[in-house]
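To start, the structure under review is shown below, and the notes come after it.
Nothing in this text is a laboratory measurement; each read-out follows from the coordinates by a stated rule. Treat the numbers as computed from the prediction; the structure is a model and nothing was measured. Because the Cβ atoms are built from the backbone with ideal geometry, glycine has one as well, and the counts that use them run over all protein chains shown.
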Amino acid sequence: MVGEPYVNRRNIAAPSAVPFPKTAPPLEKGRDFAMSSTVDKIKGLGNEAAGNVKQGIGKATDNEKLQAEGKAQELKGEAQKTVGDAKDAVKDGADAVKRKL
């Protein structure tokens, strides 16, 4: 029928028939969708802990591959914590500049 959205056999509207907003809603002021520094630090701690456990199990079972995976995961965790610390430093620097303005 004219003006009616296309409906397939299962009576499910085609994607083109679903209304979609023409513009995205505005972002909240100061809202960033990137991972926060706290999340980076927590994930880093988790990866470090998991890496240490893997290394310990690898040593106990004489599994060099598991030891290497554990070391890699530990290093990944350390890097994540460093990223979190860097984000904190940048935010603190930006806040200091804002206070001076």
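Structure notes:
- In plain terms, the chain from ASP88 to LYS76 could stretch by 2.5 nm, reckoned as 0.36 nm per residue minus the Cα-Cα distance.
- In this label model, LEU101 and GLU64 are separated by 5.7 nm, measuring between points 7 Å along each Cα→Cβ vector.
- Given LYS43/LYS87; LYS71/LYS91; LYS54/LYS91; LYS59/LYS87; LYS43/LYS100; LYS41/LYS65, the pairs whose alpha carbons are separated by over 24 Å: LYS71/LYS91; LYS54/LYS91; LYS59/LYS87; LYS43/LYS100; LYS41/LYS65
- Under Karplus coefficients 6.51, -1.76 and 1.60, residue-wise ³J(HN,Hα) of segment 78-93 in Hz, glycine/proline x: 4, 5, 4, 4, 5, 4, x, 5, 5, 4, 4, 5, 5, 4, 4, x
- Counted charge near ASP88, where neighbours are those whose Cβ lies closer than 10 Å (Asp, Glu -1; Lys, Arg +1): 0
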